[in-house]
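Input: one structure, supplied below.
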Amino acid sequence: MMPQPNITRCPNNPILTAKEVPYPSTLVFNAGVTRYRGQYVMVFRNDYGNYRGTYHFDGTNLGLATSGDGIHWRVAPQPCWEWQDEEVQRVYDPRLTVLDDRCYLSFAVDTRHGIRAGLAITEDFKHFEVLSLSAPDNRNTVLFPQKINGQFVRLERPFPVYSLGAGEHFDIWLSTSPDGRHWGNTRLVLPHERVPFANAKIGPGAPPLRTKRGWLTLFHAVDINPNRPLNGWEPSPWTKRYTIGLMLLDLNEPWRVIGLCPQPLMVPEAPYELDGFRGGVLFPGGFLDEPDGTVKIYYGAADTVQALATADLHELLNLCQPVG
Ligand code: BMA
């Protein structure tokens, strides 16, 4: 018998919503979360104002929240970053990684010439030095919390539409960098067809957790069913369900998948996951281990609110079936 995922949704869910944000806010979701200098830090995506079509509101900025326990959050009085100019339309879907006591923020950037994946560094969450921006189209980059063989390492999700034709069949890749600015040595990690519960794109979720057995890694997996409307508020019918998947990557050769959970770790089922701007979306962005052997899984729910679930680290490791 396959062990079943034993995941506990936080009773306080959703742990952050637009109501708690002291500046214009409509949707609060897809946050990056880490521990930095003695507290939990969250950078969340904040879409504000009215819906303007094609998934754009009046604007999008990034908000900052801090916490002593990872459950109850204080939102800073001002957004921490908004980037809009002639070329850049918005920065969104942040992920946070602490490496050598510096905090890195990886993010997606919509530009007038495609979607780019960026990496910035900050110490105060007020000033962000942009180290790199990828060529389009790429996003969902997550930085590993350690250098491997002296290199920065990231997972990423390019989306090659021209060569693959119609459809959204995108995969998880990995690149390395000597300095966080120049990225290369790109390799395929997990093709979407190896994920039994995805019939469309997959993408990196949160920065991987180092364990004795390997890098434990969350990802999102999309299954499209045109006969299953997901009841979002968005005017166009939404049929893409986003579940959370789990894999184990080799510690020294992290492009090698050594374990994969054959079923989703979490599927949308709580009301705040099913009802929202886009119903049925779980989008993991933070994954933290605790001294008591549990882990915290932070995820955006229904592209509307921020949620948290907990699990046992060893149980998660045991869910990953060996793969050759
Ligand atoms: C992806 C991104 C995410 C979003 C998800 C579901 O393509 O845009 O920001 O959460 O779709 O809408």
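Would you mind getting the Kirkwood hydrodynamic radius of region 1-154 from its Cα pairs, rounded to one decimal in Å? Before the final figure, lay out the partial values.
Values: mean 1/r = 0.0603 Å⁻¹.
One over the average 1/r among Cα pairs gives 16.6 Å for region 1-154.
Here is a follow-up. Hey, can you grab everything whose amide H is under 5 Å from the amide H of Leu131? Only 5+ residues off in sequence or another chain; H modelled, so Pro and N-termini drop out.
Leu119, Ala120, Ile121
Enumerate the amide H contacts of Ile15 below 5 Å, restricted to partners 5 or more residues apart or on another chain; note that Pro and chain-start residues carry no placed amide H.
Residues meeting the criterion, in which the H sits 1.01 Å from N, are Gln306, Ala307, Leu308.
Also, quick follow-up: Report, in debye and to the nearest 20, how large the dipole of the chain comes out about its Cα centre when Lys and Arg carry +1 and Asp and Glu carry -1 on their Cβ. Before the final figure, lay out each step's value.
Values: 30 positive and 34 negative charges, 74 e Å.
The dipole magnitude comes to about 360 debye.
Moving to a separate point now. Which whole-number percentage describes the relative contact order of the chain, with Cα contacts under 8 Å and a sequence gap of 6 or more?
Numbers: 920 pairs, mean separation 52.1, N = 324.
After rounding, I find 16 percent.
Hey, another quick one. Once you list every other residue whose beta carbon is under 15 Å from the beta carbon of Asp179, what net charge do they have if Lys and Arg are +1 and Asp and Glu are -1?
On the way: positive: Arg102, Lys147, Arg154, Arg181; negative: Asp100, Glu129.
After counting each charged neighbour, the total is +2.
How large are Rg and Dmax for the chain when calculated on the C-alpha trace, in angstrom?
Rg then Dmax for the chain, in Å: 18.1, 56.
Right, another one. May I ask for the Rg/Rh ratio of region 147-286, computed from Cα atoms with Rh as the Kirkwood radius, given to two decimals? If you can, show how the numbers build up before the last one.
Details: Rg = 16.1 Å, Rh = 16.0 Å.
The Rg/Rh ratio comes out at 1.00.
May I ask for the distance between the Cα centers of region 253-304 and region 47-113, given as a whole number of Å?
If we compute the Cα centre of each part, the gap is 19 Å.
Could you give the size of the charge dipole of region 37-124 about its Cα centre, using +1 on the Cβ of each K and R and -1 on the Cβ of each D and E, expressed in debye and rounded to the nearest 20? Can you show the working numbers first?
Values: 9 positive and 13 negative charges, 43 e Å.
So the dipole magnitude of region 37-124 works out to roughly 200 debye.
Rounded, prolate or oblate for region 207-324? Axes are the square roots of the Cα gyration tensor eigenvalues, ordered a ≥ b ≥ c, and the cut-off for rounded is a/c under 1.5.
On the way: a/c = 2.72, a/b = 1.79, b/c = 1.52.
Prolate is the answer for region 207-324, as a/c is 1.5 or above and a/b outweighs b/c.
Which of Asn149, Asn231, Asn140 ends up with the largest GNM mean-square fluctuation for the chain, with Cα atoms connected below 10 Å?
Comparing Asn149, Asn231, Asn140 in a Gaussian network model of the chain, the most mobile one is Asn149.
Since every read-out is calculated from the coordinates, none of them should be taken as a lab result. Everything numeric here is computed off the predicted structure, so don't read it as measured data. Glycine also receives a Cβ, built like all others from the backbone with ideal geometry; neighbour counts cover every protein chain displayed.
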